[in-house]
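Before any comments, here is the structure.
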Amino acid sequence: TCWKDKNMAIVLKDMLEGQEEGGGATTADDDDHYSKDNMLNDILTGALSYNGQRCTALKIVMVPKGYGMQVAQELAQRVEKNLFIGMPWETHNDDENKYSKITPLPNRKRIQYMQELLEDAISKGAVIVNKNGGSIVTDDDASQNYPEYVDSSNLMIPAILAGVTSDMRIYHEEQFGPLVPIVEYESIDDVLQYGLHSPHAQQVSIFTNNQGGSDAEEEAAAIIDTFSAVYGKININAQCGRSPDSVPFAARKSSGQGVMSIEQALREFSVPTVVSYNQPQSKSTQQRDMMQTIQQHSKFMREL
């Protein structure tokens, strides 16, 4: 069972140093290397697919100090260029395969909550980086760009928020909507403390390009070692997601209870029954042979 979540993306410094947008340090011989482009796309998809309204969405992005605005701007460019806004069935740019990526939220109550979080963050120093971010298409500035949706009052343009700090509500609360808070950390210990003290503990995603040498590897290992007892799933260079068909899907603290997977589900809905027999001290195999014969004829004891 899943409840509230605040899945965290952790960007290590090696992911950003010396890399320009488009891959940067990655060469033609490094096709298998995980690039900065890969990271930005995974964070954006992880945060905003289904309008950010899924328990497995990335809901806070931790980046090294000094890189917050850079990451926010690059995510903002992708929002403005690639995330088409409209009704789910509508296509864009005369391409029948380019459907809307951002669609209306379910009700006005959800819109009001998003606005409350934004107002609180902005009043304490956060800034919206992307054009018209957080606007509803009925707002004058947004409706100029999306006039066809003036009556769709639940359609919110995603907001990439830079400068988010611990005194803001969005730092702690699960937004469950199209808001992407970017937080700068001084050291990995800041990240570890956030995870340890947060009431949420479903998943975390660590992003590293494996080019930072032992420091990056040690940082990733430290995060894994600490969070192995905190989060249900730790992703490396991948967005958070469901996985019960392949690996156990679990959560801890206020984020959930129990484990979901095919094997775990079978165990959960099964009642164990023990069949035992007495094995004499002698070397006689009569009892064992008898039980093997019984097992061969029994439907219940037959191996799956």
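The values are calculated or read from the model by the stated rules, or taken from the named source; none is laboratory data. None of these values were measured; they are calculated from a predicted model. Note: ideal-geometry Cβ built from the backbone for every residue, glycine included; neighbour counts use all protein chains shown. SASA here: full protein model, heavy atoms, side chains in, ligands and nucleic acids out. Shrake-Rupley method; radii C 1.70, N 1.55, O 1.52, S 1.80 Å.
Annotations
- Residues satisfying the stated conditions in the stretch 39-86, i.e. under 24 Å from residue 155 (Cβ atoms) and in a loop (DSSP other than H, G, I, E, B): 53, 54, 55, 56, 57, 83, 84, 86
- Residues that are within 23 Å of residue 164 (Cα to Cα), open to solvent by 40 Å² or more (accessible area, probe 1.4 Å) and touching a strand residue (DSSP E or B) at 6+ places or on another chain (Cβ under 9 Å) within the stretch 72-109 comprise just one, 73.
- Any hit, the stretch 205-213, residues being modelled with pLDDT of 80 or more, among the small types (Gly, Ala, Ser) and in contact with a Cys (Cβ under 7 Å, 6 or more places away or on another chain): yes
- Residue under evaluation residue 114, criteria (1) assigned to a helix (DSSP H, G or I); (2) open to solvent by 40 Å² or more (accessible area, probe 1.4 Å), criterion not met: (2)
- Qualifying residue in the stretch 17-38 (condition: at pLDDT 90 or above, of a type in the set (Val, Ile, Thr) and not in a helix (DSSP H, G or I)): no
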